[in-house]
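Q: The structure's right below; bear with me while I get my questions together.
The values are calculated or read from the model by the stated rules, or taken from the named source; none is laboratory data. In this text, all values refer to a predicted model and were calculated from it rather than measured experimentally. Here the Cβ positions follow ideal geometry from the backbone for every residue, glycine too, while neighbour counts run over all protein chains shown. Each accessible area value is taken on the protein alone, full model and side chains, heavy atoms only, with ligands, DNA and RNA left out. Shrake-Rupley method; radii C 1.70, N 1.55, O 1.52, S 1.80 Å.
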Amino acid sequence: MLDPFWVLVAVVALALVFDFTNGWHDTANAIATVVGTRTLSPAMAILMAALLNIAGAFFSTEVAKAIGKDIVDPNHVTLIVLLSALLAVILWNIITVILGLPTSSSHALIGSLIGAAVAYKGTAILQTHGILMILVALLVSPVLGALVGAGLIKLIRALFSNIPRSKVKRTFKPLQIFSSAFMAFSHGAADAQKAMGIIAMALVAYGSHTELYVPDWVKIAAGLAMGLGTAMGGQKIIHTIGSRLSRLETPQGFAAETGAALLLATVAKIGVPVSTTHTITGAIMGVGAAERVRSVRWSVATKIVYAWVLTLPVTALMGYIFYTIFKVLEG
């Protein structure tokens, strides 16, 4: 029989490791375009993103509450379910970073949590309505990102139509640094909360809390873990999003980052856990297509979409398997 206290310690530790891998995996979301346009060096961009990820973690806890309540009933979840889900999502994040695939940590967490919960108690433990709402938001976010990004670049081109393109690029260099900073802050606001939600669930499952809420020490720990992960930088994914998906200039980078960051900050405040990866990738594709459809490397985009589609079922299976292994080990 596993000691519940040490299982709680393991869950908290793994939730912070997940936050670290989330930051490592999703560095590209905040800085890919600013690196791709050569506005900032990778080192400077990563440092800026890491600091603003930490700041963003204190913006709101609404997403953490959604993760904690809207996927699995927190009053009927166990520490082993959470442990299994975290192992699955961390393994998936590591695999996709190595392969350079910008998949969604949000999808991966939801899939692994569903798989582990079903292995524990079947589908009755799932919050079906909440899961459907989250999945709709995850699917809609790249579309909205594309539309907002396309709209912004069209507006920029209209406003600066009589100014030489080279001068426009120089004008938008400092603006793109601002938009990248805004994106980093919004990423921290949206994604650090996912680990917070898991830790809050673990405290309820252990019995130290009777209701789900996020203590200050959890906010601090999650923000630092994500910032440290971001500081490590996922170079392959930065290259995939910033250079391989579409060649961007500074006005396009500004439009993509600003559009994605506005969406992420909004949904973080109202408590909808969407994918930062999907949102920024959709925004980049929308900006590129609005300028010239052929500027988007659709073969790369297709591979990314395949990875998105695979994430949920694969991580659900992994969560199910990890929980089954733990039950066998328990006897």
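Q: Name every residue in the stretch 170-215 that is hydrophobic (A, V, I, L, M, F, W, C) and open to solvent by 40 Å² or more (accessible area, probe 1.4 Å), in order of residue number.
A: Answer for the stretch 170-215, where residues must be hydrophobic (A, V, I, L, M, F, W, C) and open to solvent by 40 Å² or more (accessible area, probe 1.4 Å): 175, 177, 178, 182, 185.
Q: Take residues that are more than 17 Å from residue 18 (Cβ to Cβ) and tell me which of the helices (runs of 4 or more DSSP H) falling wholly in the stretch 56-139 contain 2 or more.
A: Of the helices (runs of 4 or more DSSP H) lying wholly inside the stretch 56-139, those with at least 2 residues that are more than 17 Å from residue 18 (Cβ to Cβ) span 62-69, 105-121.
Q: Which residue pairs have Cβ atoms under 8 Å apart, sit 6 or more places apart or on different chains, and have a first residue in the stretch 56-74 that is of a type outside the set (S, T, N, Q) and a second that is open to solvent by less than 10 Å² (accessible area, probe 1.4 Å) and outside any helix (DSSP H, G or I)?
A: Correct list of pairs: 63/273; 66/273; 67/273.
Q: Turning to a different aspect of this structure: Please tell me if residue 149 is in a helix (DSSP H, G or I) and in contact with a Lys or Arg (Cβ under 8 Å, 6 or more places away or on another chain).
A: It is false that residue 149 is in a helix (DSSP H, G or I) and in contact with a Lys or Arg (Cβ under 8 Å, 6 or more places away or on another chain).
Q: For the stretch 113-132, enumerate the residues that are of a type in the set (A, V, I, L, M, F, W, C) and free of Cβ contacts under 8 Å to residues at least 24 places away in the same chain.
A: 124, 132
Q: Going through the stretch 5-39 one residue at a time, which ones are crowded, with 24+ Cβ neighbours inside 10 Å, modelled with pLDDT under 75 and either on the phi > 0 side of the Ramachandran plot or acidic (Asp, Glu) (or both)?
A: 26
Q: Find the residue count for the stretch 111-140, including only residues that are under 13 Å from residue 67 (Cβ atoms) and either polar (S, T, N, Q) or modelled with pLDDT under 90 (or both).
A: Result for the stretch 111-140: 8.
Q: Collect the residues in the stretch 262-311 that are within 27 Å of residue 213 (Cα to Cα), modelled with pLDDT under 80 and in a helix (DSSP H, G or I), keeping them in residue-number order.
A: Passing the criteria: 276, 277.
Q: With respect to the numbered conditions (1) open to solvent by less than 10 Å² (accessible area, probe 1.4 Å); (2) over 20 Å from the mean Cα position of the chain (by Cα), which one is the sole condition not fulfilled by residue 157?
A: (1)
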